Amino acid sequence: GGGHDAAPTRNLLAAFDESSYIELLDFSAAWLRPSLRLLSHTPLWRYVLSGRPLHERVFLSALTLGRGPVAFAIAVDDLESFASKAVSRGLKLAMPVRMSRLRPDGVRVEWSLAMSPNLDLPFFLQDHTSRFERMPGERSNSSDPVRAVRIAAPSVQATVERYKALLGLAPVAKSEGVSQFDLGRIRIEIAQGQENSTPAIDCELCSGRCLSTILEQQIRAPHR
């Protein structure tokens, strides 16, 4: 992990396997969360966010007002071309933003990020330095990688249509109103969430455990 350049955040990465990882995101300074929580109850909060790019607005709001899984990402080889094609298919996607951070060992890693204002969609990454410089060198020995990404959407139909445009695939209808897109060893499941709310994201591991439950147990566990 390390501190992000030009953003008040830092991260830690933990790899599930050679192709997937979880990113833990936090403020770079401890005083920021309580200060921004106070600010979020005032008219100034909207003003503070308005001057930030889309991805910062999303992550700063999540860090200030909530916790747990916020979003998931998909890596692509040519992000500018990918973003242009996505827009041509009718999807809303901000143009890529170049980002970087300094690892604790002094190595700088760089990538580009593009995010949609439709938060039921993933955001997209393209590495400019080697991806394996950005990811952890050690892999988990648990053999428990991500099996499914679950999205509780305010409108299943609208979310399904966005994924059809994004992936060029038709969904498989499952029981209890769940639509599923199969992406090789990982599937995306879309179910009905609360109306007039932001989508809720969760991940199911191959063991059947949910990432949100694991994180909640870690948060509540006493630290030694």
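Working only within segment 179-217, note down all residues that are buried (at least 17 other Cβ atoms within 10 Å of the Cβ) and among the β-branched types (V, I, T).
Passing the criteria: I186, I188, I190, T198, I201.
Go through segment 18-73 and count every residue that is more than 30 Å from R187 (Cβ to Cβ) and aromatic (F, W, Y).
Looking only at that region, the number is 4.
Mind checking whether some residue in segment 31-44 is open to solvent by 30 Å² or more (accessible area, probe 1.4 Å), within 21 Å of E110 (Cβ to Cβ), in contact with a strand residue (DSSP E or B) (Cβ under 8 Å, 6 or more places away or on another chain) and basic (K, R)?
no
Of all residues in segment 134-178 being of a type in the set (S, T, N, Q), over 27 Å from W111 (Cβ atoms) and modelled with pLDDT of 90 or more, which is surrounded by the fewest Cβ atoms within 10 Å (Cβ to Cβ)?
The selected residue is Q157.
(1) of a type in the set (S, T, Y); (2) surrounded by fewer than 18 Cβ atoms within 10 Å (Cβ to Cβ); (3) not in a loop (DSSP other than H, G, I, E, B): which one isn't true of T129, the others all being true?
Every listed condition holds for T129 apart from (3).
Among the residues of segment 78-85, are any touching a Pro at 6+ places or on another chain (Cβ under 8 Å) and within 20 Å of I201 (Cα to Cα)?
Pass one, segment 78-85, residues touching a Pro at 6+ places or on another chain (Cβ under 8 Å): 79-80, 83.
Within this subset, residues satisfying the condition of being within 20 Å of I201 (Cα to Cα) are none.
There is no residue in segment 78-85 that is touching a Pro at 6+ places or on another chain (Cβ under 8 Å) and within 20 Å of I201 (Cα to Cα).
Counting only residues that are free of Cβ contacts under 8 Å to residues at least 24 places away in the same chain, give me the strands (runs of 3 or more DSSP E) lying completely in segment 146-205 with at least 3 of them. Give the steps one after another, and end with the answer.
Details: elements: 146-153, 179-183, 186-192, 200-205.
Fully inside segment 146-205 and qualifying: 179-183.
Are there any pairs with C-beta distances below 9 angstrom linking a residue in segment 13-32 that is over 27 Å from V76 (Cα atoms) to a residue that is surrounded by 13 or more Cβ atoms within 10 Å (Cβ to Cβ) and aromatic (F, W, Y), with the two at least 6 apart or on different chains, and if so which?
No pair meets every condition.
So R52 fits all but one of (1) closer than 22 Å to E133 by Cβ; (2) open to solvent by 50 Å² or more (accessible area, probe 1.4 Å); what number is the exception?
(1)
The values are calculated or read from the model by the stated rules, or taken from the named source; none is laboratory data. Remember, it's a predicted structure, so these values are computed and weren't measured experimentally. All Cβ positions, even for glycine, are placed from backbone atoms using ideal geometry, and neighbour counts span all protein chains on display. The protein model used for the area step is the full one, side chains on, heavy atoms only, and it has no ligands, DNA or RNA in it. Shrake-Rupley method; radii C 1.70, N 1.55, O 1.52, S 1.80 Å.
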